[in-house]
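Q: My questions will all concern the structure given below.
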4 protein chains.
Amino acid sequence: MSGSGVRPGRRRSEESRQAILGAAFDLLGEVGYARLTVEGIAARAGTGKQTVYRWWPGKADVLLEAVTAYAREHIPLPETADRAADLRTFLTATFAAATPRTTDALRALMAEAQIDPAFGERFRETLLHPRREALGAVVDRAREAGLLAPHLTTDTAVDLAFGALWYRLLATGRPLDDELAELLTRTLLR
Amino acid sequence: MSGSGVRPGRRRSEESRQAILGAAFDLLGEVGYARLTVEGIAARAGTGKQTVYRWWPGKADVLLEAVTAYAREHIPLPETADRAADLRTFLTATFAAATPRTTDALRALMAEAQIDPAFGERFRETLLHPRREALGAVVDRAREAGLLAPHLTTDTAVDLAFGALWYRLLATGRPLDDELAELLTRTLLR
Amino acid sequence: MSGSGVRPGRRRSEESRQAILGAAFDLLGEVGYARLTVEGIAARAGTGKQTVYRWWPGKADVLLEAVTAYAREHIPLPETADRAADLRTFLTATFAAATPRTTDALRALMAEAQIDPAFGERFRETLLHPRREALGAVVDRAREAGLLAPHLTTDTAVDLAFGALWYRLLATGRPLDDELAELLTRTLLR
Amino acid sequence: MSGSGVRPGRRRSEESRQAILGAAFDLLGEVGYARLTVEGIAARAGTGKQTVYRWWPGKADVLLEAVTAYAREHIPLPETADRAADLRTFLTATFAAATPRTTDALRALMAEAQIDPAFGERFRETLLHPRREALGAVVDRAREAGLLAPHLTTDTAVDLAFGALWYRLLATGRPLDDELAELLTRTLLR
DNA sequence: ACCTAACCGAGACGGTACGTCCTGTCTTCCG
DNA sequence: CGGAAGACAGGACGTACCGTCTCGGTTAGGT
């Protein structure tokens, strides 16, 4: 019997998984990434340290999972007849997802990606590339309609948009608002 | 005048200072920022740990000093009659300064700035702001000549240029080449 | 019943405990107390420093445990009909336990007890008091038989005996031999 | 030939010497021997560290000088016709010199003597031996008068007296009072 | 009056060890 | 057999002192 993929033993506790993701996110807001520890996450979640290490390589990957789940839910991929508006909509929605809490997480993840190359790879694969693909699709549709500025390739256009986004996130703290979305749209399209 | 600035006691050792900056830079290349330690820097430099901590808060500030010294020496501020060419020249020189070794240091510093807010403040003050000021001056002179794209403010233009620079540095690894400098120039100036 | 004393989690490693006690004792003989360090003990024992600090407050307490174990095993409490002989026997056995290696440890412990009052309290409670009690019992039995010198109380007699012992240990280096045991016996009893 | 020991140059500052001895003694009382540091002594005395190290090997030797000066001044060597009374007088005066402040210093010195063998040698030579000589002289005069207990040598008698003294100082904290002086006199003389 | 020598306070230097914190792994018992 | 509890080996942290080495400046002969 035992059948298909059903293995013996206790199943992974969905409750623990949620508790760990939540604890990591909460603690990040409370103490900051520098003082966020796996021990602290486990303690807050009411689990053992091993339960964290069993499912994630370290604290950064816990946050990464928390953030990607959030992004998957909150950022749509617009596809209407007005391809210029689609771009503006995408950027506005992307910026709107950058709440103070997700902002903290994103900055921490980008930092960790610089420090730990192996995590950097996972970070790019899991979060950065999918976002590039999404924006790239919107930009491509604009180009097909002849709206893209002629000296820009898709990749470079994406670099400019996400460059501005991350630069404000990481370096200046200037807001990710509708004004920036509008400005980027005009810069990329014309 | 004023005087009295002469304090008693042994002077700071310039030899140790140089040895520490050099050791930090070398070790960063050899083992990466994650495994760069103050202990390691001191050992390599042939100094005591306390001599590092006496003059710098931590390993990030050592690297910051090493990098700012480099930037001060290698990036000129062009001021010719051709204000469009000045922008292209500035960006090209900036990108050319991003050698593999300085690139590693910059990525580490930006990462540390996210993780340690106090260092972040010093990083912005010491490295980011001066670079923004420099590019801002070049952009301003272009605007005075009516060359800047009309929908761009100086700050936003700087955001776009440095955004692209840092995004490629931190996220994609795409090259900082003359092509990018040319493209940015055309995007900003129109 | 028996109550709940069973906790989850890994048990204390008896192997590490023994290794630490042994390493401390060996290193004391090799380098002396001044250059005996917790780091050295842990390294020699093949454990982490934290495993020492988890169970002992510092290097002195490690030695104290090693010495008390030794004393417990090697010094009997004689109780025969000849109460004068009992005293002589007790002193002789006590002196015989002062091998070069235990002597080193005892001198270090007495020194540390002077320097660190909190350790001093533990030292008295763990090693000094029990030894006083033991000798006190022998002296008491002698007094009940009318053998004790009339002007001596039990406490004072004990002070004289242990005073001579420790003074030779700490100050003069003169031997703790049978002659001293005999002489103390005659001085205390008569 | 030239003159004996007359050298050119600035003379040793008696003021600094006194300030250092006083600072060491005061700080010992305030913070205890464990937290007494050469840096602290120099700072309190208003001198440089080098001035301490120029004249003393370390903090223990500073205290040793302070204590021996005290002993030299306060403990007489009685020499009357009543040789039994002389012994009692000597012990009483010795015990009286053990004020709380000198007691702290003596305990610290004996501790340091165990830990640092080189200092131990200086300690014995400077403080312990002279005191033994003094008591030995008194005991010898008693023996010449036929007053010493017959089974005691001079050395052993001195061991018993100083043994009780140091044992109470280091181990039990019981008082060094006239009762102990009287009791030792009776025990040694018979 | 200058020279040279030894001292002085101050404080940076190369080092060592401290005691703490966290990592990632490993037992142990419970459900 | 997953999971909590928690001990384990390892290693960096930032601090405190050690004893030494410059500094500029003072105080004394010797010439």
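Q: Once the label point is set 7 Å along the Cα-to-beta-carbon vector, what list of distances in nm do you get between residue B:43 and its counterparts in the other copies?
A: Distances to the matching label points in the other copies: 1.1, 3.0, 3.1 nm.
Q: What gaps in nm, shortest first, separate residue C:76 from its twins in the other copies when you place the label 7 Å past Cα toward the beta carbon?
A: 5.4, 9.4, 9.7
Q: What is the angle, in °, between the Cα long axis of helix A:59-74 and the longest principal axis of the Cα atoms in chain A? Nearest 10 is fine, range 0 to 90.
A: So the helix axis and the longest Cα principal axis differ by about 50 degrees.
Q: Which number do you get for Rg(Cα) / (2.2 N^0.38 Å) in segment B:61-189?
A: On the way: Rg = 14.6 Å, N = 129, 2.2 N^0.38 = 13.9 Å.
Normalised Cα radius of gyration, segment B:61-189: 1.04.
Q: So, one more: Within 10 Å of each Cβ of B:168-177, how many other protein chain Cβ atoms are there on average?
A: Per-residue shielding by partner chains comes out at 4.
Q: Follow-up question, since we're still on this one. With +1 on the Cβ of every Lys and Arg and -1 on the Cβ of every Asp and Glu, and nothing else charged, how large is the dipole of segment C:61-188 about its Cα centre, in debye rounded to the nearest 20?
A: Its charge dipole is roughly 220 debye.
Q: Dipole of chain B (Lys/Arg Cβ +1, Asp/Glu Cβ -1, origin at the Cα centre): which of B:8, B:150, B:94 lies farthest to the positive side?
A: Sorting the options by dipole projection puts first B:8.
Q: Once each part is reduced to its C-alpha centroid, what is the distance from segment C:113-190 to segment C:52-94 in angstrom?
A: 13 Å
Q: I would also like to ask the following. Where Lys and Arg each count +1 and Asp and Glu each count -1, what net charge lies around residue B:121 among other residues with Cβ under 14 Å from its Cβ?
A: -2
Q: Grab every C-alpha pair in the protein assembly as shown, bin the distances at 20 angstrom width from 0 up to the longest one, and report whole percents.
A: 12, 29, 23, 20, 11, 3, 0
Q: Right, something else. Tell me the accessible surface of residue A:151 in square angstrom (1.4 angstrom probe, heavy atoms of protein chains only), to the nearest ten.
A: 50 Å²
Q: In addition: Quickly rank D:159-170, B:20-31 as a protection proxy: mean count of other C-beta atoms within 10 Å, highest first.
A: Packing order, densest peptide first, comes out as D:159-170, B:20-31.
Q: Also, I was wondering about something else. Counting only other chains, and only Cβ atoms inside 10 Å, what mean value do you get across the residues of A:114-122? Mind dumping the intermediate values first?
A: Working: counts 16, 10, 4, 2, 0, 1, 4, 0, 0.
Across the residues of A:114-122, the mean count of other-chain Cβ atoms within 10 Å is 4.
Q: Same structure again: So what does residue C:99 come to for accessible area, using a 1.4 Å probe and Å² rounded to 10?
A: Only protein atoms counted, so the area is about 40 Å².
Q: Now, a different point. Reachable lysines from residue C:59, Cα under 24 Å, same-chain residues fewer than 8 places away excluded?
A: The reachable lysines, counting only those whose Cα sits under 24 Å from residue C:59, are C:49, D:59.
Q: If you don't mind, another one. With only Lys, Arg, Asp and Glu charged, each at its Cβ (+1 for the first two, -1 for the last two), find how big the charge dipole of the protein assembly as shown is about the Cα centre; round to the nearest 20 debye.
A: Roughly 220 debye for the protein assembly as shown.
Q: Moving on to the next point. Show me C:106-117, D:171-182 ranked by packing, highest mean number of other Cβ atoms within 10 Å first.
A: Output ranking for C:106-117, D:171-182: C:106-117, D:171-182.
Q: Could you work out the local net charge near residue C:60, counting Lys and Arg as +1, Asp and Glu as -1, over the other residues with Cβ closer than 14 Å to its Cβ?
A: For residues surrounding residue C:60, the net value is -3.
Q: With contacts defined as alpha carbon pairs under 8 Å and 6 or more residues apart, what's the relative contact order of segment D:18-152 in percent?
A: With pairs under 8 Å counted, the relative contact order is 24 percent.
Q: Can you give the alpha-carbon Rg of segment D:14-55 over 2.2 N^0.38 Å, where N counts its residues?
A: The reported ratio for this selection is 1.02.
Q: Please work out the FRET efficiency for the pair residue C:6 and residue D:79, using the Cβ-Cβ distance as r and a Förster radius of 41 Å; give the result to the nearest 0.05.
A: About 0.05, to the nearest 0.05.
Q: Taking Cα atoms, how many degrees apart are the long axis of helix C:14-31 and the longest axis of chain C, rounded to 10 and kept between 0 and 90?
A: Long axis of C:14-31 versus the principal axis of chain C: about 70 degrees.
Q: Measuring from a point 7 Å out along Cα→Cβ, what nm distances, shortest first, does residue B:32 have to its partners in the other copies?
A: Sorted ascending, the copy-to-copy spacings read 2.4, 4.6, 4.6 nm.
Q: Averaged over peptide C:33-45, how many Cβ atoms belonging to another chain are found within 10 Å of each residue's Cβ?
A: 1
Q: May I pose another question? On C-alpha positions alone, give me the angle between the axis of helix B:129-144 and the longest principal axis of chain B, in degrees, nearest 10.
A: For helix B:129-144, the angle is close to 20 degrees.
Q: Let me ask something else about it. Tell me, what is the 1.4 Å probe accessible area of residue B:70, in Å² to the nearest 10?
A: 70 Å²
Q: What's the local net charge at residue C:180, with K and R +1, D and E -1, over the other residues with C-beta under 13 Å away?
A: Details: positive: C:88, C:168, C:174, C:186; negative: C:177, C:178, C:179, C:182, D:155, D:159.
Taking every other residue near residue C:180 into account, the sum is -2.
Q: Which single residue of chain D puts its beta carbon nearest to the axis of rotation relating D to B, and what distance, in whole Å, does that give?
A: Closest Cβ to the D-to-B rotation axis, residue and whole-Å distance: D:50, 5.
The values are calculated or read from the model by the stated rules, or taken from the named source; none is laboratory data. Since this is a predicted model, take the numbers as computed values, not measurements. Using ideal geometry, Cβ is built from the backbone for each residue, glycine included, and neighbour counts are taken over all protein chains shown. Calculation scope for accessible area: heavy atoms of the full protein, side chains included, ligands and nucleic acids excluded. Shrake-Rupley method; radii C 1.70, N 1.55, O 1.52, S 1.80 Å.
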